[in-house]
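Colleague: The following block contains the structure, expressed as structure tokens.
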């Protein structure tokens, strides 16, 4: 059984964070969520297909999230 002690973790000082409800969120995660919402709304309005909009938005958000993670 693994034991986790959250007080021993160190944060990377190079990652910009935003404090939301007492939790530090990296900015790239918020950018990914915002980009996903924007793409979802745009594709839903342009194509009229919610399925396509959600698929496209999730792709954009996942790519932005991964790009932000690798650039740390």
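Colleague: Being modelled with pLDDT of 70 or more and more than 17 Å from the chain's Cα centre (by Cα) is the filter here, so list the residues in the stretch 8-22 that pass it.
Modeller: 14, 22
Colleague: With assigned to a helix (DSSP H, G or I), modelled with pLDDT of 90 or more and surrounded by fewer than 10 Cβ atoms within 10 Å (Cβ to Cβ) as the only criterion, which of 55, 45, 66, 30 stands out?
Modeller: Result: 45 is the single residue among 55, 45, 66, 30 that is assigned to a helix (DSSP H, G or I), modelled with pLDDT of 90 or more and surrounded by fewer than 10 Cβ atoms within 10 Å (Cβ to Cβ).
Colleague: Filter the stretch 33-42 for residues that are loosely packed, with under 13 Cβ neighbours inside 10 Å and over 15 Å from the mean Cα position of the chain (by Cα) and give the result.
Modeller: Within the stretch 33-42, 41 is the sole residue that qualifies.
Colleague: Also, I was wondering about something else. Quick one: is residue 3 surrounded by 12 or more Cβ atoms within 10 Å (Cβ to Cβ), modelled with pLDDT under 95 and either more than 15 Å from the chain's Cα centre (by Cα) or not in a helix (DSSP H, G or I) (or both)?
Modeller: No; evaluated as a whole, the condition is false for this residue.
The values are calculated or read from the model by the stated rules, or taken from the named source; none is laboratory data. Just so it is clear, the structure is predicted and the values come from calculations on it, not from any experiment. Cβ coordinates were reconstructed from backbone atoms using ideal geometry, including for glycine residues, and neighbour counts include every protein chain displayed.
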